[in-house]
Structure formats: C-alpha cells, structure tokens
Amino acid sequence: MDGRLQVFAGNGNRALAERIMGELESSLGRATVDTWRNGETRVKLEENVRGSDVFVIQSLSYPVNHHLVELLIMIDAIRRASASRVTAVIPYYAYARQEKKTSGREPISAKMVANLLVTAGVNRVLTLDLHAPAIEGFFDIPVDHLRATPLLASYFRRLDPEGIVAVSPDSGGVGRAQEFRLRAGGGLAIIAKNRPAPDDTEVIEMVGDVEGKTAVLVDDMISTGGTLVQAAEMLKQRGAAAVHAAAVHPVFAGDAMRIINDSPIERVIVTDSLPLPDGPCSSKVEVLTVAPLLAEAIMRIHKDLSISALFS
C-alpha cells in the first residue's frame, strides 16, 4: 500500500471502518475523537497527514447530528493539517429523504449537508445508495455513488430464479427493484403508496403477479418498518408463498425491529452501512458486509483508477 494513503474513522460505525481496514490489510489512523465535558466534539489527530491522501469513514448514524458534526470537525482538522486531499466516506448519508420541498417553508436539508461538507474542506465524497440519486448534483466536487444492490441480489440468486419476484415498495424504487431482478432473476411487481404524514405510509395498490412466488421487497433503507410490513401484508393477500426484504441501510428507528419481528416477513437482509440499534435484534435480520466494496473503492480512488468497474 502506498504510504501516502491514510484512513481515519469517526464513531458513526467504527466496526465497519475496522472491517474496511481489514480488507486493506492496514490499520486506522490514530486520532482522538470524543467529547469534552460540556458535550462539544473533541478531535485530535495523532499522526502527521501533511501531503497525504486522507479518507475519513463516518456513517451518519444515530445520533445523526452528533456524528455529522464529528465528521465536519474531523475534515477541518485534516485539512488544516495540510493533507493533499480529503475524501469523506459516508456509507449512510443522512437527511437524504429531505432532498426537495414537498410544501412551502420547508428546508432542503440534503443540500444543506452537502454545503456543510464542502465548506468544511472535503475534496471528494464516497457514498452508498443515496435515497435520492439527485443528491449527487448538490455537490460541485466529485461524488462516487456506489450501489449495494448486486450484493443483496447475490444472496437471493441461490434461490429458484424463476420463483422470485422483486417488489418495489413505491414508485420511486422501481429502478432499484429492476436492477435486483436483472441480477437475481424472476419477475417484477410495483406497489403504490401514499404518505399522509412524515414516517407514515399507506399502501394503495399493486401491479404485478406474485401468486405462488417468493416476493422480495427491495428498498434502500428500512426506517420505521411501516412501509415494508404493509407491503408484505398486501403481498400475502395476493398469494405470495413467502415474503422477504432486502435493504441497504438498516435505520430501524423506534419500534421497527419489533414491528418486523411480528410481521409476515420471513427474512430481512441488510448491510452493515449502519450499526444495528442497541437492544434485542430480530432473528429475521441478517447482515451482509459492504467492507470489501468500500475498501476496493478507496484503493481505486487513491490510485486514480476507474470506479465504474465496481458496477459490473
């Protein structure tokens, strides 16, 4: 490994950062990242980064605002220490569902987060499955937007391809479900839903045939679990033999774990882009690691190689 590559991590998903460094056969850069007694974030680099190509791994997990500020302060510290380039590796980009105004007097929070990152001094962003791909356009710096759908599809590929139906739980996720279908095999179904209030959904109708099939709900994240459970109930009513779920980001807010455990969903496959919340974990949840994907992307960026090869 080129000695100029240095990788640091915040506390947003330390376990994933360690797995990434295991893939890179190296160790995380030494740094103090904690809080002062008054609650303010404290960052102190314990290594010289002058002239280095530095990557900062930080998932914007709960508590989101704390980990966002932690990332911003780490970027500022690295930039002021004269690193040649700073890349923010953000497996889960928070505020991504607030990428547009749905009514008057609302913020576009995803754009504000992009502005904060650039102002802090980041030169490049590496992220995974943005809720809204248009967020890439909020940055005037390079953004490498990776997809974990191939990883999820490979898990289900061992099942009978002809018996699988990839199901999009809303119209906005049709592209993701279609990519899943092309990689795992089977058919495609689409569920239409309405969102009467934030974090509240209602299923309206479904297009596609799932009778006697294994339905796989494909989404980018699981937040409260309400959308998945309502969709799963409709799929069972339409004759699905089994219902599974595949999502990249396991947000699992509130009682999501309990809701999923009590639902007709038999299996939920997620990645480790976020740490699972504290407390009892449902036996239905299985976690796949994205560490090899992110490690390969870090090395390719460092060596100025193409990232497009990771999409094949």
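The values are calculated or read from the model by the stated rules, or taken from the named source; none is laboratory data. Since the model is a prediction, treat every value here as computed from it, not as a measurement. Every residue, glycine among them, receives a Cβ derived from its backbone with ideal geometry; neighbour counts consider all protein chains shown.
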| message | Among the residues of the stretch 64-79, are any part of a loop (DSSP other than H, G, I, E, B), surrounded by fewer than 23 Cβ atoms within 10 Å (Cβ to Cβ) and not aliphatic (A, V, I, L, M)? | response | no
| request: Tell me, yes or no, whether the stretch 141-148 has at least one residue that is over 20 Å from the mean Cα position of the chain (by Cα) and not in a loop (DSSP other than H, G, I, E, B). | output: no
| message | Against the definition (touching a His at 6+ places or on another chain (Cβ under 7 Å), closer than 23 Å to SER306 by Cα and not aliphatic (A, V, I, L, M)), how does THR149 come out, yes or no? | response | no
| note | Sole miss for ILE141 among (1) touching a Ser or Thr at 6+ places or on another chain (Cβ under 9 Å); (2) modelled with pLDDT of 95 or more; (3) more than 15 Å from LEU310 (Cα to Cα); (4) hydrophobic (A, V, I, L, M, F, W, C) is condition (1)
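Just give me the residues in the stretch 63-86 being under 18 Å from VAL143 (Cα atoms) and free of Cβ contacts under 8 Å to residues at least 40 places away in the same chain, in sequence order.
In the first step, residues of the stretch 63-86 are kept if they are under 18 Å from VAL143 (Cα atoms); the result is 68, 71-72, 75, 84-86.
Selection gives ARG85, VAL86.
Every residue, every condition in (1) closer than 15 Å to GLY121 by Cβ; (2) hydroxyl-bearing (Ser, Thr, Tyr), yes or no:
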position: GLU25; (1), (2): no, no
position: LEU45; (1), (2): yes, no
position: VAL49; (1), (2): yes, no
position: THR87; (1), (2): yes, yes
| said: Looking at (1) of a type outside the set (Val, Ile, Thr); (2) in contact (Cβ under 8 Å) with a residue 40 or more places away in the chain; (3) in a helix (DSSP H, G or I), which one does LEU60 not meet, given that it meets all the others? | reply: (3)
| message | If a residue must be part of a loop (DSSP other than H, G, I, E, B) and surrounded by 17 or more Cβ atoms within 10 Å (Cβ to Cβ), how many such residues does the stretch 200-237 contain? | response | 6
| said: Can you report the number of residues in the stretch 43-63 which are under 22 Å from HIS302 (Cα atoms), surrounded by fewer than 23 Cβ atoms within 10 Å (Cβ to Cβ) and not charged (D, E, K, R)? | reply: 5
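So which residues in the stretch 109-129 are outside any helix (DSSP H, G or I), on the phi < 0 side of the Ramachandran plot and touching a residue at least 40 places away in the same chain (Cβ under 8 Å)? Break it down into steps so the answer makes sense when it comes.
First, pick out the residues of the stretch 109-129 that are outside any helix (DSSP H, G or I): 121-129.
Next, only the ones that are on the phi < 0 side of the Ramachandran plot stay: 122-128.
Correct list: VAL122, ARG124, LEU126, LEU128.
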| query | Given (1) touching a residue at least 24 places away in the same chain (Cβ under 8 Å); (2) out of contact with any strand residue (DSSP E or B) (no Cβ under 8 Å at 6 or more places or on another chain); (3) buried (at least 17 other Cβ atoms within 10 Å of the Cβ), where does CYS281 come up short, assuming only one miss? | reply | (3)
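Condition first: of a type in the set (Gly, Ala, Ser), over 14 Å from the mean Cα position of the chain (by Cα), more than 24 Å from ASP53 (Cβ to Cβ) and surrounded by 14 or more Cβ atoms within 10 Å (Cβ to Cβ). Can you find one or more residues in the stretch 127-135 that meet it? Spell out how you get there, then give the answer.
The initial filter retains those residues of the stretch 127-135 that are of a type in the set (Gly, Ala, Ser), namely 132, 134.
From what is left, the residues that are over 14 Å from the mean Cα position of the chain (by Cα) are 134.
With the extra rule that they be more than 24 Å from ASP53 (Cβ to Cβ), the set shrinks to 134.
Adding the requirement that they be surrounded by 14 or more Cβ atoms within 10 Å (Cβ to Cβ) leaves none.
No; the residues of the stretch 127-135 include none that is of a type in the set (Gly, Ala, Ser), over 14 Å from the mean Cα position of the chain (by Cα), more than 24 Å from ASP53 (Cβ to Cβ) and surrounded by 14 or more Cβ atoms within 10 Å (Cβ to Cβ).
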| message | If the requirement is being free of Cβ contacts under 8 Å to residues at least 40 places away in the same chain, under 26 Å from ARG300 (Cα atoms) and either in contact with a strand residue (DSSP E or B) (Cβ under 9 Å, 6 or more places away or on another chain) or surrounded by fewer than 12 Cβ atoms within 10 Å (Cβ to Cβ) (or both), which of these qualifies: GLU40, GLU106, GLU18? | response | GLU18
| note | Taking the stretch 193-213 and keeping only residues that are farther than 14 Å from GLU233 by Cβ and modelled with pLDDT of 85 or more, one is left with VAL207, GLY208, ASP209, GLU211, GLY212, LYS213
| query | So which of SER82, SER109, SER103 ends up being at pLDDT below 95 and either assigned by TED's automatic domain parsing to the domain that holds ASP278 or out of contact with any Leu (no Cβ under 9 Å at 6 or more places or on another chain) (or both)? | reply | SER103
